[in-house]
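What follows is a short report on a single structure.
Nothing in this text is a laboratory measurement; each read-out follows from the coordinates by a stated rule. No experiment lies behind these values; they were computed from the predicted model shown. Counting neighbours? That spans all protein chains shown, and the Cβs are built from the backbone with ideal geometry, glycine included.
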């Protein structure tokens, strides 16, 4: 191979390498450009305080679950779960404006759920969790009625049965 052909081969390889690097940079920049549209969306910073309904004390380690809600009221895919700290507080920045379903779960308390409209840059929510209520049964209620159902009479004696 002559030195002229070797230089030509090196020049082509360098051009191919530069093109490959340019394509890699372009491929990495495309998602950043596409993400810019989502970054222009208005977002809110949500602050949650979870308290016990009976005494107002904070509930630690409660799960605060947020789901987007469509205009038809259907829960969207995805979501975010937060945990409360020792003061019953939790917060999240970057929640897009619109309908949001908030659920709160904590050991020893009723599950809380409500839909909210996120429409301010900063929003605060104070949620009071209730203790579980007694369960009711249709069977237990009948025994406590003041008028119990009438007793049925004994069946008539069998005529074919012989007396003792």
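Annotations for the structure displayed:
- Neighbour-count order for 112, 139, fewest beta carbons within 10 angstrom listed first: 139, 112
- Alpha-carbon centroid distance for the pair the range 91-116 / the range 38-84, whole angstrom: 3
- What the Cβ-Cβ distance of residue 86 and residue 114 gives, at R0 = 25 Å and to the nearest 0.05, is a FRET efficiency of 0.55.
- Relative contact order of the range 43-129, pairs being alpha-carbon contacts under 8 Å that are 6 or more residues apart, as %: 41
- When Rg and the Kirkwood Rh are both derived from Cα coordinates, the Rg/Rh ratio for the range 37-119 amounts to 1.00.
- Sorting 66, 80 from the fewest to the most surrounding beta carbons within 10 angstrom yields 80, 66.
- Residue order for 46, 129, fewest other beta carbons within 10 angstrom first, comes to 129, 46.
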